[in-house]
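See below for the structure under consideration.
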Amino acid sequence: MSQDGNSAFLLRAFYNRFFPYKTYFQWLNYDIAPTKNFSHREFSFTLKSDIYVRYNSFMDVEEFRKEIERFQPVKIDIGAVYSVMPKNKKSVAEKAFRPVEKELVFDIDMTDYDEIRTCCSGGDICKKCWQFMTVAIKVIDTSLDEDFGFKHRLWVYSGRRGVHCWVCDDRARKLDNESRKAIVNFLEVIKGGSEQSRKVNLGNSLHPSLARSLEIIKPYFGPLILNSQGVLDTPENWNKVLNTIPDAGVRERLNEMWSTDSLSSGQAKWQDLINVLDKSSDKQIFYVRFSSCLQAIILNYCYPRLDDKVSINIGHLLKSPFCVHPKTQRVCVPIPITTCENFDPFSVPTLSSLINEFDAFSANNGPDDSERKLPDYKKTSLRPYIEFFEKFVQRLLLDAQRAKRGNPKKSLFFKNIYIYMYILS
């Protein structure tokens, strides 16, 4: 069997045996019985030979499953909930077809770290640079929780080189583009292209949210940036760091020191930088200006880099959880925030590994009654990921039912008054 034929066979087996249709439907439907949240939702399919089919929509989970198994898409993207079923968009006036809600989503891609990571580039990743994703998850998730009060946050591995976040709270789904932009502007710290040396500009005092993010990031700076990435190991890399320092004299002195002793460790060079700044004749300048400089360097190298277009535009598509990345064949599985530190993208189930695991389970257990009743995904390493997803959706549905019964007061859009004042300013 050819490689393409084998891939098609594996994908068909995945959709037939392992895809969590019921839970997936309940997630996007926000209820057990079908609602417009699902029937008016856009699904985009990428088929073989890069055939792109947008504005698919389905009345219920049975129709969704039937069409998935018929089309066998190599990629599934999820869009907004529209005023009209997307498949009927051509039957109404253009102005009548508009997006009305969608989850607040975030896309963090490793290629946006290419100017600072030294181990890989482009679509390649390794365990060293994957730590950037760990930091990003922790920083953004903490802000979404503590600053904005969002409760239902689903982090998902993109299948290759990044992570996605789906914020599923009712008030998050109903945000318009301007409100989404306000949140992104608050979260964004890294600004400017590769030609710009200083991408982080801090005032005389850190916003409380940024100060908290800095505390999350600091433990990673040494192991990740100085050791694993070696940003102070070569003149090419250490000059990128030095160019962020506003004082030319400090830059020249440190460059001379490190050129003389280029083999000193990154940790030693970082201490040199701190010592040189500490010897500034004006201590007040050091504690305000240069302390801010140190913070800016740490943030520049560790703070999450967001694809703002994905988050701001309510109609923007984003790859679906539990689809399979067409190049790596890895399943886009959820990442539990409590154990994100231990997530290994290279141990994620692939199409071939799932089939092998399923066959091995069947061979070892035989076709007894208990084995037949067990869902196929529970016979593979996909089991913990789907079980985590099921618990996430259960909590989501429970909150939706409580809201229906109690009609509670809507929460304030911002949990933290500092953020509210920041965006209004």
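The values are calculated or read from the model by the stated rules, or taken from the named source; none is laboratory data. The model shown is predicted, which means the values in this text are computed figures rather than measured ones. When we count neighbours, we look across all protein chains shown, and the Cβ atoms used for this are built from the backbone with ideal geometry, even at glycine. For the accessible areas, the whole protein counts, side chains as well, though only heavy atoms, and no ligand, DNA or RNA atoms are used. Shrake-Rupley method; radii C 1.70, N 1.55, O 1.52, S 1.80 Å.
For the chain, what % of the accessible area comes from carbon and sulfur atoms, probe 1.4 Å? Present the calculation step by step, with values, prior to reporting the outcome.
Details: 10100 of 20250 Å².
For the chain, the apolar C and S fraction of the accessible surface comes to 50 percent.
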Q: Would you please put 207-213, 24-30, 397-403 in order of how densely packed they are, using the mean number of other Cβ atoms within 10 angstrom per residue and starting with the highest?
A: 24-30, 207-213, 397-403
Q.
Under a crude label model (7 Å from the Cα following the beta-carbon direction), how far is residue 145 from residue 398 in nanometres?
A. 1.6 nm
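What ranking, highest mean first, results for peptides 292-299, 106-113 when packing means the other Cβ atoms within 10 Å averaged over each residue? Don't skip to the end; give the middle numbers.
Details: 292-299: 19.4, 106-113: 21.9.
The most tightly packed comes first, giving 106-113, 292-299.
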(Q) For the chain, set up a GNM with springs between Cα atoms under 10 Å and report which of 149, 122, 79 has the largest fluctuation. (A) 122
Q: Set the Förster distance to 41 Å, then compute FRET efficiency between residue 66 and residue 344 from the Cβ-Cβ distance, nearest 0.05.
A: 0.75
Q. Going by the alpha-carbon gyration tensor, a ≥ b ≥ c the square roots of its eigenvalues, is the chain rounded (a/c under 1.5) or, if a/c is not under 1.5, prolate (a/b greater than b/c) versus oblate?
A. prolate
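With Cβ to Cβ distances under 13 Å as the rule, what net charge do the other residues near residue 63 carry (K, R +1; D, E -1)?
On the way: positive: 41, 65, 66, 70, 87; negative: 60, 62, 67, 69.
Here the charged neighbours net out to +1.
I'd like the projected area of region 208-302, averaged over all directions, using the convex hull of its alpha carbons. Report it in nm² with one decimal.
Working: hull surface 23.6 nm².
With every direction weighted equally, the projected area is 5.9 nm².
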Q: Given a cut-off of 32 Å, name the pairs among 22/128; 75/218; 128/309; 127/379; 199/391 whose C-alpha atoms lie farther apart than that in the structure shown.
A: 22/128; 75/218; 199/391
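Averaging sequence separations of C-alpha pairs under 8 Å and six or more residues apart, then dividing by the length of the chain, give the relative contact order as a whole percent.
22 percent
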Q | For region 33-47, 3J(HN,Hα) per residue [Karplus equation, 6.51 cos²θ - 1.76 cosθ + 1.60, θ = phi - 60°, Hz, x = Gly/Pro] | A | 7, x, 9, 5, 4, 9, 5, 9, 8, 8, 10, 10, 10, 9, 9
Q) What whole-number value in Å² describes the accessible area per residue of the chain for a 1.4 Å probe? A) 48 Å²
Q. When the Cα atoms of region 293-386 are enclosed in a convex hull and the volume is divided per residue, what value in Å³ results?
A. 162 Å³
Q: Quickly estimate the mean residue ellipticity at 222 nm for the chain, helices only: each DSSP H run with n ≥ 4 gives -39500 (n - 2.57), and the total goes over all residues, rounded to 500.
A: -13500 deg cm²/dmol
